[in-house]
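Take a look at the structure below.
We did not get these values from a lab; they are worked out from the coordinates using the rules stated. Everything numeric in this text was worked out from a predicted model, so none of it was measured. Don't worry about glycine lacking a Cβ; one is built from the backbone with ideal geometry, like all the others, and counts go over all protein chains shown.
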Amino acid sequence: MKYRKFKEVQISEIGLGTWQLGSADWGAVNEDHALQILQQFEESGGNFIDTADVYGMGVSEKVIGKFLKSTNTKFFVSSKLGRRGDNGNGWPQNFTYDNMRKQVEDSLSHLQLDTLFLEQLHCIPTSELEAGHVFDNLRRLQQDNLITNWGASVETAEEAHLCLQQDGIASIQIIFNLFRQHYAEDFFVEAKQKGIAIIARVPLASGLLSGKYTKDTHFLPTDHRNYNADGASFNAGETFSGIEFKKGVELAKHISGIFPDQHTAQWAIRWIIDHPEITAVIPGASSVQQVKNNMAASSFNPLSTEIHQTLDAYYKSNIKPLIRGHF
């Protein structure tokens, strides 16, 4: 495993996204299985874990907390806030200082931590980013030593650029994969100039870029790949990167033929970390084997310039016109 600089520390260039460990929106993952996934991540050299308070409404954070108590390895844990709708909260109530503090304190309790390495806004409304009060609240939470760093997970390039203008922001999390390449056009340059970390999520387009799906693949009603396949519940980009599923299967099959061999998922992740501006990519996993496969991409040789150029041209001509939702 190779590591990249995040502020003053080194984090694994392949982290672990833990939406699946919430045992909701992807299907059930029991606690023992979730702990095995985390243990394999540790054994593979990973040290950066990304979660959110709404992943199973605390389930993901709690299993991570239990795992952290069982190991002496130093992990850097990030969570996200802003999307809870319990206790009468929601938008815009979630964004007062008192409610943001409560959300951070709940995450710390679940994770069994005193301080959170990174707290991120969780795809909140653009209007809240423009108003800027949420950033002041994050600075205050940092001063209160509840969080070490703060950042934002965003849906669009516009939102990413808005966040870049905030003094003290440590990282911006974006959807970046072979179905979503547009951030590399100018956002990467500005983020690098400002020394802001970039975290890439949805690296396999909800599994499409693993090459394992066919047009006949079906998902359970409780799986976001079913109920949000067309963006009915939240931004379409979070599911299949906004590409219609059956068309996405076709596109992924073509992309797999461009790669050097049949290790499609690993090459899709390798393509992301070939971009030096990326600090970490955070593929999720529902099995130990998926963790092994994802982490192996760090040891793959970079893709050739020719392959990168071919993939770029294919994206611009065949994929970008088909993206649905705001991006």
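Ordering 203-212, 139-148 by mean Cβ neighbour count within 10 Å, with the highest value first, yields 203-212, 139-148. Kindly provide the helix-only [θ] at 222 nm of the chain, computed as the sum of -39,500 (n - 2.57) over DSSP H runs of four or more divided by all residues, to the nearest 500 deg cm²/dmol? Result for the chain, helices only: -10500 deg cm²/dmol.
Pull out a ≥ b ≥ c, the square roots of the eigenvalues of the alpha-carbon gyration tensor of region 212-270, then state rounded if a/c is under 1.5, prolate if not and a/b is larger than b/c, and oblate in the remaining case. Verdict is prolate for region 212-270.
Is the shape of region 73-217 rounded, prolate or oblate, going by the alpha carbon gyration tensor and its root eigenvalues a ≥ b ≥ c, with a/c under 1.5 for rounded and a/b larger than b/c for prolate? Prolate, since a/c reaches 1.5 and a/b exceeds b/c.
Could you identify which residue out of Thr214, Thr305, Thr156 has the top mean-square fluctuation in a GNM of the chain using Cα springs shorter than 10 Å? With Cα springs under 10 Å in the chain, the top fluctuation among Thr214, Thr305, Thr156 is at Thr305. A simple packing score, the average count of other Cβ atoms within 10 Å per residue, orders the peptides 74-84, 179-189 as 74-84, 179-189, with the highest score first. For each pair in Lys2/Lys69; Lys7/Lys74; Lys2/Lys253; Lys80/Lys192, compute the distance between the two Cα atoms and list the pairs where it is over 18 Å. Beyond 18 Å: Lys2/Lys69; Lys2/Lys253; Lys80/Lys192. Once the chain from Arg139 to Lys192 is taken as fully extended at 0.36 nm per residue, the excess over their C-alpha distance is 16.9 nm. Which one, Ser60, Gly45, Val154, projects farthest toward the positive side of the charge dipole computed for region 1-156 from Cβ point charges (K/R +1, D/E -1)? Value computed over the given set: Gly45.
Pair-distance distribution of region 141-188: all C-alpha pairs, bin width 10 Å, starting at 0; shares per bin in whole percent are 24, 48, 21, 7. Applied to region 6-21, the Karplus parametrisation 6.51 cos²θ - 1.76 cosθ + 1.60 on θ = phi - 60° returns per-residue 3J(HN,Hα) values of 10, 6, 9, 10, 10, 10, 5, 5, 10, x, 10, x, 10, 4, 4, 6 Hz, with x for Gly and Pro.
For region 182-254, a/c is not less than 1.5, where a ≥ b ≥ c are the root eigenvalues of the C-alpha gyration tensor, and a/b tops b/c. That puts it in the prolate class. Radius of gyration (Cα atoms) of region 115-161, expressed as a multiple of 2.2 N^0.38 Å: 1.15. For region 181-311, what is the convex hull (Cα atoms) projected area averaged across all directions, in square nanometres? Seen from a random direction, the Cα hull of region 181-311 projects 8.7 nm² on average.
Alpha carbon centre of region 160-229 versus region 286-327: separation in Å? Answer, in whole Å: 11. In region 15-113, inverting the average of 1/r over every pair of distinct C-alpha atoms gives 13.8 Å as the Kirkwood radius. Note on region 250-292: Kirkwood radius taken over Cα pairs, Stokes-Einstein applied at 37 °C and 0.692 mPa s, translational D equal to 280 µm² s⁻¹.
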